[in-house]
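The values are calculated or read from the model by the stated rules, or taken from the named source; none is laboratory data. In this text, all values refer to a predicted model and were calculated from it rather than measured experimentally. Using ideal geometry, Cβ is built from the backbone for each residue, glycine included, and neighbour counts are taken over all protein chains shown.
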Amino acid sequence: MTPPASAGASELQIDVVSDVVCPWCFIGKRRLEKAIALKPEISVRVRYRPYFLNPWVPRAGISRAEYLTTKFGSVDRYMANAQRIVAAARQEGLTYNLDAIARQPNTLDCHRLIRWSGESGDPARMKQRLMELYFAEGADLSDREVLVAAARDCGMDADHVRQRLAGDEDVESVSAEAEQAKAAGIDGVPCFILGGIFAVSGAQAPEYLADAIDRAVAERARREAAELAQG
């Protein structure tokens, strides 16, 4: 995901605050990847940060129908309004299969799995796999064995992941990080924090995100120059 850096260039860290059951996060991830590809001269490092779009959903999950009725008033109302999201996903080469999703999960364990994938694998790959399972295949992400299979697909040790998911490892720290995002004022996702300098909210077009990356690099250079002048 990170393009080659030019000599002497330092990485721009992009923190992506998002949730795996957020359709605009699904689309936004792909658009960010396209934006990065538009700027091969800029080296970036992407870090995925947890966010709970629906913290009220219990750990065991609930039916999709109950979720849509509770959040949007009715299943039909959501289905009618979601067609533009389906179309936006299709334009990015993604599949949002509305009819396949039967269960709405709590995503705490998904975020734990994404964190663990960074120990020896690729968090971007894990995040993509989880979102594809949910949006394209209608998999139940509250099912531990679905998560174990996703881990296996991404090169992780399935038995070890199963043991970790059965315990409380990183439950508090992931939950705290998600709460910190909301406390910082992030009330919509995806949110892209560029170099700790400024944030872009929403699944913006690749060209817009590429321009934002340019601006973040320029602002960082300006600040570094100012600090040198003062020193």
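If we keep just the residues of the stretch 43-52 that are touching a strand residue (DSSP E or B) at 6+ places or on another chain (Cβ under 6 Å) and hydrophobic (A, V, I, L, M, F, W, C), which is farthest from Asp187 (Cα to Cα)? Show your work before the answer.
The first filter runs over the stretch 43-52 and keeps only residues touching a strand residue (DSSP E or B) at 6+ places or on another chain (Cβ under 6 Å), leaving 44-49, 51.
If we keep only those that are hydrophobic (A, V, I, L, M, F, W, C) as well, we get 44, 46.
Working: Val44: 25, Val46: 21 Å.
Among residues in the stretch 43-52 that are touching a strand residue (DSSP E or B) at 6+ places or on another chain (Cβ under 6 Å) and hydrophobic (A, V, I, L, M, F, W, C), the one farthest from Asp187 (Cα to Cα) is Val44.
Determine the pairs where a residue that is hydroxyl-bearing (Ser, Thr, Tyr), located within the stretch 131-149, has a partner that is outside any loop (DSSP other than H, G, I, E, B) and at pLDDT 95 or above with Cβ atoms under 7 Å apart, the partner being 6 or more residues away or on another chain.
Hits for this filter: Ser142/Arg103.
Is it the case that Ala87 is aliphatic (A, V, I, L, M) and modelled with pLDDT under 95? Outline the logic, then answer.
Values: aliphatic (A, V, I, L, M): yes; modelled with pLDDT under 95: no.
Judged against the criteria, Ala87 is not a match.
Of these, Gln180, Gln204, which one is in a loop (DSSP other than H, G, I, E, B), among the polar types (S, T, N, Q) and under 24 Å from Leu32 (Cβ atoms)?
Gln204
Looking at Ala139, is it modelled with pLDDT of 95 or more, of a type outside the set (Ser, Thr, Tyr), in contact with a Leu (Cβ under 6 Å, 6 or more places away or on another chain) and on the phi < 0 side of the Ramachandran plot?
In short, yes.
Conditions (1) in a helix (DSSP H, G or I); (2) of a type in the set (D, E, K, R); (3) touching a helix residue (DSSP H, G or I) at 6+ places or on another chain (Cβ under 7 Å); (4) surrounded by 18 or more Cβ atoms within 10 Å (Cβ to Cβ), marked per residue:
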| position | (1), (2), (3), (4) |
| --- | --- |
| His111 | yes, no, yes, yes |
| Arg115 | yes, yes, yes, yes |
| Ser120 | no, no, no, no |
| Leu133 | yes, no, yes, yes |
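Residues being closer than 24 Å to Asp15 by Cα and either in contact with a Gly (Cβ under 9 Å, 6 or more places away or on another chain) or buried (at least 19 other Cβ atoms within 10 Å of the Cβ) (or both): count how many of those fall in the stretch 93-109.
Here the count works out to 6.
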